[in-house]
1. Report the extension gain between ARG184 and SER25 in nm, rounded to one decimal, defined as 0.36 nm multiplied by the number of residues separating them, less their alpha carbon distance.
2. Take every Cα pair under 8 Å in the chain that's 6+ residues apart, average their separations, divide by the length, and report that relative contact order as a whole percent.
3. Rounded, prolate or oblate: pick one for the chain, where a ≥ b ≥ c are the square roots of the eigenvalues of its C-alpha gyration tensor, a/c under 1.5 means rounded, and failing that, prolate if a/b is larger than b/c, else oblate.
4. Shape of region 22-88 from its Cα gyration tensor (a ≥ b ≥ c, root eigenvalues): rounded if a/c is under 1.5, otherwise prolate when a/b > b/c, or oblate?
5. By how many nm would the segment from ASP175 to ARG42 grow when fully extended, if each residue of separation counts as 0.36 nm and the alpha-carbon distance is taken off?
6. What number comes out for the charge environment of SER56, summing +1 per Lys or Arg and -1 per Asp or Glu over other residues with Cβ under 12 Å away?
7. Compare GLU180, GLU73, GLU130 in a GNM of the chain, Cα atoms joined below 10 Å, and give the one with the largest fluctuation.
8. Magnitude of the Cβ-charge dipole of region 171-210, K/R +1 and D/E -1, about the Cα centre, nearest 20 debye?
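Readers should treat all values here as calculations from the given coordinates under stated rules, not as data from a laboratory. Predicted model, so just to flag it, every value in this text is computed and none were measured. Reconstructed Cβ throughout: ideal geometry from the backbone, glycine too, with neighbour counts over all protein chains shown.
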Amino acid sequence: MVVDDMGIAVPPAGAGAAKAHRTVSRVTTILELAAANRSGVRLTELATALDAPRSSVHGLVKGLVATGYLREEGGTYRIGPAINSLLAAAPPTVAEAARPAMERLHRQFNETVMLATPVGDSVVYTDTIESTDPIRYIAPLRTRRPLHPTSSGKCVLAFGSERFREGYLATHLSDPGQREKIRRQLAEVAEAGVAINRGETLPDRSGVGAPIFDKGKVVAAIAVAGPSNRLADKITEIAEATKAATHEVSEHLAGRV
C-alpha cells in the first residue's frame, strides 16, 4: 500500500483508476473548443491549443468532420449535427431539474447562480443566471474550473469517494501540510452539506455551493457567487437556501417530488 507524507493511503497509479489518453484528450479538447467558439476555430488555433503538430490535429479534425461531429466552412471548424443527435438521445438533464431552483435563488438574493457539472478532475458551469447588479460575478460557461477552491468543486471532492479525493489531492498538491488542511476543510463541507469559498479563487469574490445527488452520487452542484463585501452579511442565509434548493433538486431526480 502506498501512503503519502501524512500517512494517508493513496491508491497506486493505474490501480483501476481512469487515466487520461492522449488521443481522447485531444479529440475532446477539439470539440470543447469548437463548442465554445460560435464563430468556429481554425486548424492553427487548435494545434496551438493542443501543443500538437498540425498534421496530427488535421487527421483528428478530418475524422470528426467525416463522422459529423464537426463541420468545415472555409477552413473554419464548428460543431456538427452528430452532436445534436447524441444529445437528443440523452435522458432528461439535471439542468432541467435544477433551473427552477436556480431561478428562485436568483430572485431571493439577486446574485449570480450557476449550475456546475463534474468533468474529470474539474467542474464546468453549464448554466447560469447572472445578477442584475452592475457589479456582479460573471461565470465562465463551458470552461473547466478547478475542483479546489471553487465552492462547487469542493462539493464534488467532499462527497466523492475517498479514492477520488486522495488521488486529486496527491496529483494537484505537493505540500502534505496543505493536503491535510484541505482534508479537514472537505470534512467540514461533508458535515455541513454546503461549501463556502471566501475569496479563495478571487480575493474580492465569494461563493456558496451545495451538491445535487442522483442515485447517491454527486452529479452537479448549484453555486451562488458575488462580491465578497456584499455576500459577507448574508452568506449563512445563502448557504441554507442553496442547501435546501439542491436537496429539492435531488429529491426531484429521485422521483420523490
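1. This chain segment gains 54.0 nm when fully extended.
2. It comes to 16 percent, rounded to a whole number.
3. Because a/c hits 1.5 or more and a/b fails to exceed b/c, the chain counts as oblate.
4. It is prolate, given that a/c is not under 1.5 and a/b is the larger ratio.
5. This chain segment gains 43.9 nm when fully extended.
6. +3
7. Of GLU180, GLU73, GLU130, the Gaussian network model singles out GLU73 as fluctuating most.
8. In total the dipole reaches around 40 debye.
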